[in-house]
């Protein structure tokens with residue numbers, strides 16, 4: 001039995017340097033960005049939410065950046081802002097329904113769907 005399998009690879013950049021993210025943003029091979037509070041702390045960023053929102057605003061024309069919405073949800077949940085975190089996780093899932101991390105965090109905050 002012959003199976004025709006297609007392999008799809010998406011390249012994501014990981015970091016917490018706004019200028020570096022903007023430089024990578026111009027590369028069409030980069031399909032998304034990830035960051036997290038640990039990277040942001042190491043980069044000297046104190047306002048995690050502000051950084052995540054700044055990056056999201058700068059890359060708003062690319063819908064493949066679901067992970068940044070997930071990161072924003074993670075930051076908001078850590079700040080105790082449950083309703084906003086739920087919205088961020090929902091947006092991450094709208095953009096990428098296969099995002100298991102966002103689904104798990106959403107279920108933890110809002111309960112299973």
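Each stretch of four or more DSSP H residues adds -39500 (n - 2.57); spread over every residue of the chain, this sum gives -16500 deg cm²/dmol at 222 nm. Residue exposure proxy: 31, 42, ordered by other Cβ atoms within 10 angstrom of their Cβ from fewest to most, comes out as 42, 31.
Convex hull of alpha carbon positions in the chain: directionally averaged projected area 8.9 nm².
Its relative contact order, with pairs defined as Cα atoms under 8 Å and 6+ residues apart, puts the chain at 18 percent. FRET efficiency for the residue 43 to residue 82 pair, using the beta carbon distance and R₀ = 25 Å, is estimated at 0.40.
Readers should treat all values here as calculations from the given coordinates under stated rules, not as data from a laboratory. Just so we're clear, the structure is a prediction, and the values are computed from it rather than from any experiment. With ideal geometry, Cβ positions are generated from the backbone for all residues, glycine too; neighbour counts draw on all protein chains shown.
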